[in-house]
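Q: Supplied in structure tokens, the structure appears directly below.
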Amino acid sequence: MLESLKEFWYLWAVVVVLIIVLIPVLIRVSKSIKKRNAESEKLRKDFERIKILKEKYAVITKESAENADAKELCEGVTAVLQYKLEKSQTPDADFEAEEKWRREVFSLFWFNEDVTENSLSYFFRHNGEPLPKEAVNGIDSIGYDKIKSVVSQMYAMCDDKNENVSFDKNRIAELDEKFRNLYNSEEFFEKIRLYIINSI
């Protein structure tokens, strides 16, 4: 036995090297599987949450809006409209036909998603009309005056059709920073909640 081990020592060396190489690979594979499972679980929970919100906010009354959590109410209104648009053969026309407050609340919800995860400029550069215009109008409608000027300036700068304002990277960065310092999502959603109450 010892003789065979001595004779084939190079095979044992190869086995040891393979084990050393495989351990980090197996660790990475394990982490990757855990990450994918966590992402799948998050998607499942998000789907369940949105399903519950669609049912809860299919019909909104003043009383239910007054007693609702501000962010949940906004997300519920958005979930209901999103579902309707996804099922529609003519989503653009159906969106335009919606009540003004519903269009604006929908746009403001997605506005918040982008500005909190990325930046104000990201929202305007990565969303096509009518979402940006509806969000700008929505900010005016909810009376969130402290961000109104910054948002309007950014909208003008990112609007390809606006020939009066040129795209300026330094100015974009300044407006993004100014917006970050002014914006408060809790204030934002509370103003949306009051807007919904007054619009029903």
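Q: By the gyration tensor of its Cα atoms, with a ≥ b ≥ c the square roots of the eigenvalues, what is the shape of region 66-122: rounded for a/c under 1.5, prolate for a/b over b/c, or oblate? Provide the component values of the computation, followed by the final result.
A: Values: a/c = 2.09, a/b = 1.27, b/c = 1.65.
The shape class here is oblate.
Q: Which three semi-axes in whole Å describe the equivalent ellipsoid of region 94-145, each the square root of 5 times a Cα gyration tensor eigenvalue, listed largest first?
A: Numbers: eigenvalues 64, 33, 14 Å².
Semi-axes, largest first: 18, 13, 8 Å.
Q: How large is ³J(HN,Hα) for each residue in region 97-103, as worked out from phi by the Karplus curve 6.51 cos²θ - 1.76 cosθ + 1.60 (θ = phi - 60°), to whole Hz, x for Gly and Pro?
A: Those phi angles translate into 7, 5, 4, 3, 5, 5, 4 Hz.
Q: So, one more: Can you give the Rg to Rh ratio of region 47-199, both from alpha-carbon atoms, with Rh computed by the Kirkwood formula? Write out the running numbers ahead of the final one.
A: Working: Rg = 15.7 Å, Rh = 16.1 Å.
My calculation of the ratio gives 0.98.
Q: Quick check on my link table: of Lys34/Lys133; Lys100/Lys146; Lys54/Lys178; Lys62/Lys87, which ones sit more than 31 Å apart, alpha carbon to alpha carbon? Working shown, then result.
A: Working: Lys34/Lys133 41 Å; Lys100/Lys146 22 Å; Lys54/Lys178 35 Å; Lys62/Lys87 27 Å.
Among Lys34/Lys133; Lys100/Lys146; Lys54/Lys178; Lys62/Lys87, the Cα-Cα distance tops 31 Å for Lys34/Lys133; Lys54/Lys178.
Q: Would you mind ranking Ile50, Ile27, Ile142, Ile200 so that the residue whose beta carbon has the fewest other beta carbons within 10 Å leads the list? Present the calculation step by step, with values, prior to reporting the outcome.
A: Working: Ile50 17, Ile27 10, Ile142 24, Ile200 14.
Neighbour counts put them in this order, fewest first: Ile27, Ile200, Ile50, Ile142.
Every number in this text was worked out from the coordinates using simple rules, so none of it is lab data. These numbers come from a predicted model, not from an experiment. With ideal geometry, Cβ positions are generated from the backbone for all residues, glycine too; neighbour counts draw on all protein chains shown.
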